[in-house]
Amino acid sequence: MKEEKIDSIECREKSSGATSDADHTFTIGELKAGPPCCEPLPIVEISNLSLAYSGATVLRDVNLTIYRGCITALIGPSGCGKTSFLSSLNRLSDMNPRCTVSGKIELRGENILSPRVNVTALRRRVGMIFQKPNPFPLSIRRNIELGLRQHRLARGSGLGERVEKSLRDVGLWDEVKDRLDSSALALSGGQQQRLCIARAIALEPEILLLDEPCSALDPISTEIIENLIRQLSCRFTVIMVTHNLGQAQRLADFTALFWTCEGTGQLIEHGPTADIFQNPRHGLTAAYVNGRAG
Amino acid sequence: MNVASNSTESIYSQTFGSEEPMSERVASLLVCGAAACVAMTFLWLVFDVFWSGLPFLSFDFLVDVPSSAGRRGGIGPILVSTLLILGVCMVVSLPLGLGAALFLSEYTSENTTSSRLVRYSLDILAGVPSIVFGLFGNAFFCIYLGMGFSILSGGLTLACMVLPLLIRSAEEGLRSVPDEYRAGAAALALSHTRALFQIILPSALPGIMVGLVLGLGRAIAETAALIFTSGYVDRFPDSLMDSGRALSIHIYDLSMNVPGGNNNAYASATVLLALLLCINAVANTFAHCWHRNLTAEAST
């Protein structure tokens, strides 16, 4: 009888802990995005963007506006250029010498494709999370510190505070606070992905690019990451590629559908998520979201 | 039910059963036989050398000066010369080799003309007989650069010889580092140097260690390249510019030119083999520990 009582108290504590975890206050990132999408302000304007590998065009004439503080989901069948598109937004496409990008990507009015752009500064402003969690084979602490040290965002004791802050923001602090100096590779897949998000937001980017962030994770980790993404969008502008239409519907304020037409990826339709899923203007969109194509 | 158990049985017998075709069994027998031959050769060699060499091995042998052309006395000065030659070789070849490997794997893509040229020349160099390196070392270091027969000439010649081995295996080690680390570093806008020294090089360390062991192994066992460069003198060397006899040359000299030198030749060979095994073991343990630290079992 007594034991039961204790159990129930613990349970309540646990559940209250869980809720306070879920709506814990975010610390990193200025809260300037405002209530998302009530008054959408463009932050990135992409015009006539084309992308080619060794001369073969994989993406043609994309015109798209990304709104500040919103989650934009990029959907579409595999191989239609979504990931290539994403990697051109922080010039990670530069890593592949065969890749050429033309057109304009204006981040707050500045064309980031211009050769004069400082790519290091750009990538600090536009963080990226990959499909497969890729923590460095270093300790959990060092994974976050590397970027902070590189960009001189903190030093001395400030470094530790910053590490704690970013880990708390992704809800990982309580799980790892006792083993900050053990290898990040010992974490589970979901924890690794949250660590990757923590080390990205530690740099206080304006935009976060997420390339299928849950596709390598189990359903429980996926749910945790989805909640996290929802919270992220209050502080950062999020652009995510996803193959999971339900996820796009659950999370995204805007959705863009990419499709391969005659061997080249194109943007078919873009708009508020509700419109894309309920009142698609394009036949392909209707077919794709209803599972009849793709 | 019956059907299910039948099919399970047939799968079981297909995988583990005795109905393995003859050709499969012959193939696995041949493969195992080949592996056994290689292992036996190594074991026989080690056994023979240790069996004939161990009885003549003592602490005095390791520190004494050789006398009577090496028939009596020990190998003290020879060990010192050998270690000095190895030291020179590694001090020169390690930074050069790592630099070249970094150039090949991190600064050029695999298909550019420059990297192909470097790789092609390395492969040729790796196959050049050591006597040719000896002649080159003699002409270039001893005569042209005026270093004479010296430990420095010998070490430098050895460095030229082990560089290709070192570079190619370090390059392999660097290439085996997953590209996700590079992409992750780029996405965090880490500088190339920071990514290289804090993420990529540490991850590639086991591969680099393998290269180092191969290089050291080749260097410590080298005879032909040293005869013409580091010389024959079996006293303690005064400096790096002094001539010094390497262990392998000592073994060669005792067994070929000194009648009655066989016992000491075997004892020296035992020391050489033991050194090789030690280097291997140390490098392996180091690489293993490093790797375990990096990946730290999920159970911890």
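The values are calculated or read from the model by the stated rules, or taken from the named source; none is laboratory data. Computed from a predicted structure; not experimentally measured. Please note: Cβ atoms are built from the backbone with ideal geometry, for glycine as well, and neighbour counts cover all protein chains shown.
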Q. With (1) in contact with a Leu (Cβ under 8 Å, 6 or more places away or on another chain); (2) within 30 Å of A:Val58 (Cβ to Cβ); (3) within 12 Å of chain B (Cβ to nearest Cβ) as the list, and A:Phe130 as the residue in question, which single condition is left unmet?
A. (1)
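Residue by residue, here is whether (1) of a type outside the set (Val, Ile, Thr); (2) more than 14 Å from the chain's Cα centre (by Cα); (3) within 23 Å of A:Val126 (Cα to Cα) holds:
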residue: A:Arg179; (1), (2), (3): yes, yes, no
residue: A:Gln191; (1), (2), (3): yes, yes, yes
residue: A:Glu226; (1), (2), (3): yes, no, yes
residue: A:Arg230; (1), (2), (3): yes, no, yes
residue: A:Ile239; (1), (2), (3): no, no, yes
**Q.** Criterion violated by A:Lys132 - all others in (1) part of a loop (DSSP other than H, G, I, E, B); (2) touching an Asp or Glu at 6+ places or on another chain (Cβ under 8 Å); (3) more than 22 Å from B:Tyr181 (Cβ to Cβ) satisfied
**A.** (3)
Q.
Suppose we filter B:Val65, B:Val80, B:Val91 for residues that are out of contact with any Cys (no Cβ under 9 Å at 6 or more places or on another chain), at negative phi and not in a helix (DSSP H, G or I); which single one remains?
A. B:Val65
Q. Got a sec? Which of B:Arg25, B:Arg71 is charged (D, E, K, R) and touching a helix residue (DSSP H, G or I) at 6+ places or on another chain (Cβ under 7 Å)?
A. B:Arg71
**Q.** Residues (of a type in the set (D, E, K, R) and in contact (Cβ under 8 Å) with a residue 12 or more places away in the chain) located in the stretch B:81-115
**A.** B:Glu106
Q.
With the structure loaded, tell me whether B:Ser176 is buried (at least 19 other Cβ atoms within 10 Å of the Cβ) and either polar (S, T, N, Q) or in contact with a strand residue (DSSP E or B) (Cβ under 7 Å, 6 or more places away or on another chain) (or both) or whether it fails that test.
A. no
Q.
Looking at the stretch A:177-194, I want the residues that are within 10 Å of A:Leu138 (Cα to Cα) and facing another protein chain (nearest Cβ under 8 Å) and have a partner that is assigned to a helix (DSSP H, G or I) and of a type in the set (Val, Ile, Thr) with Cβ atoms under 6 Å, at least 6 apart or on another chain. Which pairs are those?
A. A:Leu185/B:Thr295
(Q) If I filter the stretch A:158-165 for residues that are without any contact (Cβ under 8 Å) to a residue 12 or more places away in the chain, β-branched (Val, Ile, Thr) and over 16 Å from A:Arg235 (Cα atoms), do I get at least one hit? (A) no
Q. What is the residue count in the stretch A:139-154 for residues that are part of a loop (DSSP other than H, G, I, E, B), more than 23 Å from A:Asp178 (Cβ to Cβ) and either small (Gly, Ala, Ser) or at the interface with chain B (Cβ under 9 Å from one of its Cβ atoms) (or both)?
A. 1
Q: Of all residues in the stretch B:39-92, count the ones that are within 20 Å of B:Met241 (Cβ to Cβ) and touching a His at 6+ places or on another chain (Cβ under 7 Å).
A: 1
Q) What number of residues within the stretch A:105-127 satisfy the criterion of being free of Cβ contacts under 8 Å to residues at least 40 places away in the same chain, of a type in the set (Gly, Ala, Ser) and within 14 Å of chain B (Cβ to nearest Cβ)? A) 1
Q: For the stretch A:158-172, indicate whether the set of residues that are more than 14 Å from chain B (Cβ to nearest Cβ), outside any helix (DSSP H, G or I) and acidic (Asp, Glu) is non-empty.
A: no
Q. Which residues, counting only those in the stretch A:195-222, are out of contact with any Leu (no Cβ under 7 Å at 6 or more places or on another chain), within 11 Å of another protein chain (Cβ to nearest Cβ) and more than 22 Å from A:Arg250 (Cβ to Cβ)?
A. A:Pro205
Q | strands (runs of 3 or more DSSP E) enclosed by the stretch A:213-294 - at least 3 residues per element that are within 25 Å of A:Gln192 (Cβ to Cβ) and either modelled with pLDDT of 90 or more or hydrophobic (A, V, I, L, M, F, W, C) (or both) | A | A:237-241
Q | Candidate set: the stretch B:215-261, residues that are under 23 Å from the mean Cα position of the chain (by Cα) and among the β-branched types (Val, Ile, Thr); chosen: the one surrounded by the most Cβ atoms within 10 Å (Cβ to Cβ) | A | B:Thr229
**Q.** Considering residues of the stretch B:151-180 that are in a helix (DSSP H, G or I) and among the polar types (S, T, N, Q) only, the residue nearest to B:Cys289 (Cα to Cα)
**A.** B:Ser169
Q: Please verify whether the stretch B:157-167 includes one or more residues that are farther than 21 Å from B:Leu277 by Cβ and over 15 Å from the mean Cα position of the chain (by Cα).
A: yes
Q: Working carefully through the options B:Gly74, B:Gly53, find the one that is outside any helix (DSSP H, G or I) and crowded, with 17+ Cβ neighbours inside 10 Å.
A: B:Gly74
Q: Could you check how many residues of the stretch A:81-126 are in a strand (DSSP E or B) and acidic (Asp, Glu)?
A: 2
Q: Mind telling me which of the residues A:Ser87, A:Ser102 ends up being surrounded by fewer than 21 Cβ atoms within 10 Å (Cβ to Cβ), polar (S, T, N, Q) and at negative phi?
A: A:Ser102
